[in-house]
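For reference, the structure is listed below as structure tokens.
Laboratory data are not the source of any read-out in this text; all were calculated from the coordinates shown. Values in this document were obtained by computation on a predicted structure and should not be read as measured data. No Cβ is skipped: glycine too gets one built from the backbone with ideal geometry, and neighbour counts run over all protein chains shown.
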Amino acid sequence: MIRTNYSVFDYLAVGEVDKLWGLYVTGSGSADIPPGTSYPPEVHPKSYMFDFQHGRVLSEYQIVFISGGKGTFESKETGTLEVEEGTVLLLFPGVWHRYTPGKATGWKEHWVSFNGTQADIFRDNAILPLEQSVISIGLDETTIELYQRILESIESERIGFKETIAALTYQLIARINAIRRSRQFGGEDTNSFVQKSKAYIRDHIDQQIDLERLASELGIGYSWFRRMFKHHTGLAPNQYVVQLKLNKAKDLLVNTALPLKQISTMLGFESQFYFSKFFRNKTGVPPTRWRSRSRTRP
């Protein structure tokens with residue numbers, strides 16, 4: 001681990017076993033750049049050094065989080081953008097870029113560099129969106145903590161630390177992506193109404209649930225409710241209801257001796273006939289056979 005007046009960082013040797021994880025960390029660090037300081041500090045390897053006039057091209061990925069101060073960022077895809085605190089900079093292999101803290105403000109940065117086949121998959125599927133290299137996530141405490149844990153694990157050099165920092169980098173990517181998606185699709189308010197609607201559905205799974213009425217009671221239109229619900233859960237509201245009913249039915253069939261008529265009532269079906277028809281359509285077998293088959297399994 002290298003420490004200077006303004007920064008702490010380390011670069012790692014990578015072996016073939018490290019690459020088996022699909023994503024492997026090549027370095028990490030943090031720096032608190034005072035106003036008026038030359039940037040970047042001339043203590044990094046040549047492959048990472050650059051001057052603002054010429055910029056640079058990396059052979060790997062890097063996620064930089066600015067937790068204080070201001071500056072600018074530029075790439076071929078984004079053009080020149082102002083950078084505020086709470087901003088994530090996504091750097092991609094083979095993509096020219098440059099960035100620098102403001103002379104009057106400096107900034108505080110955290111970074112991790114990595115590579116691997118899984119990183120390519122994240123890029124190709126817009127989990128690491130190439131066209132959105134500058135993302136505002138605010139001063140997220142969890143994000144800062146993940147960077148700190150990566151550095152602490154590197155410094156410890158305990159057995160398995162490379163696997164640990166790979167896992168932490170996965171978490172970092174997931175955290176940034178979750179915040180980005182949440183802000184893109186309505187932010188905390190959207191997440192709140194989705195959680196409320198999920199709780200309502202669970203509490204009323206024994207009834208016929210009017211989803212349009214539920215959306216109305218939440219003060220939103222049904223088409224928007226349906227779209228946001230599916231974005232957050234991966235299922236449309238009616239599919240979510242069906243899945244909960246099916247899961248509950250399987251549980252009652254296997255773990256209780258309740259008759260089918262009582263189970264159908266508990267799940268809000270008009271009759272045992274409709275429950276049996278529903279169950280067979282979803283599983284391919286009638287509920288009685290599911291119960292007997294499940295109980296005879298070793």
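Please label the shape of region 2-184 as rounded, prolate or oblate, based on the square roots a ≥ b ≥ c of the eigenvalues of the alpha-carbon gyration tensor (a/c under 1.5 means rounded; beyond that, a/b larger than b/c means prolate, else oblate).
The shape class here is rounded.
If you average the sequence gap of Cα pairs under 8 Å that are 6 or more apart and divide by the length of region 2-184, what percent do you get for the contact order?
25
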- Item | region 188-295, relative contact order in percent, only Cα pairs under 8 angstrom and at least six apart counted | 24
- Message: Output the 0 to 90 degree angle, nearest 10, between the alpha-carbon long axis of helix 187-203 and the longest principal axis computed from the alpha carbons of the chain.
- Response: 20
- What distance in nm separates the simple spin-label points at Arg293 and Gln207, each placed 7 Å from Cα in the Cβ direction? 3.4
- Item | Length gained when the stretch Gln53-Leu218 is fully extended (0.36 nm per residue, less Cα-Cα span) | 54.1 nm
- Query: So what's the angle, to the nearest 10 degrees on a 0 to 90 scale, between helix 237-255 and the longest Cα principal axis of the chain?
  - Reply: 60
- Dipole check, the chain, charges on Cβ (K,R +1; D,E -1), about Cα centroid: among Phe73, Ile263, Val88 the Cα furthest to the positive pole belongs to Ile263
- Task: For a footprinting-style exposure proxy, rank Thr87, Thr72, Thr100, Thr80 by other Cβ within 10 Å, fewest first.
- Result: Thr80, Thr72, Thr100, Thr87
- Item | Efficiency of FRET from Cβ geometry, Tyr200 and Lys103, R₀ 45 Å, rounded to 0.05 | 0.25
- Item | Efficiency of FRET between Glu82 and Val8 - r from beta-carbon atoms, R0 30 angstrom, step 0.05 | 0.65
- If you take the square roots of the eigenvalues of the alpha-carbon gyration tensor of region 188-295 and sort them as a ≥ b ≥ c, do you get rounded (a/c under 1.5), prolate (a/b over b/c) or oblate? prolate
- Item | With Cα atoms, 0 to 90° folded angle of helix 272-283 axis to the chain main axis | 40
- Note on the structure: Proxy exposure order for Tyr240, Tyr147, Tyr200 (fewest C-beta within 10 Å first) is Tyr200, Tyr240, Tyr147
- Query: Which value, in debye to the nearest 20, gives the size of the charge dipole of the chain about its Cα centre, when Lys and Arg are +1 and Asp and Glu are -1 at the Cβ?
  - Reply: 2060
- Task: Provide Leu218, Leu253 in ascending order of the number of other Cβ atoms located within 10 Å of each residue's Cβ, fewest first.
- Result: Leu218, Leu253
- Task: Would you mind classifying region 242-281 by shape? Square roots of the alpha carbon gyration tensor eigenvalues, ordered a ≥ b ≥ c; an a/c under 1.5 is rounded, otherwise it is prolate if a/b is larger than b/c and oblate if not.
- Result: oblate
- Query: Which distance in Å, rounded to a whole number, links the C-alpha centroids of region 1-72 and region 235-272?
  - Reply: 54
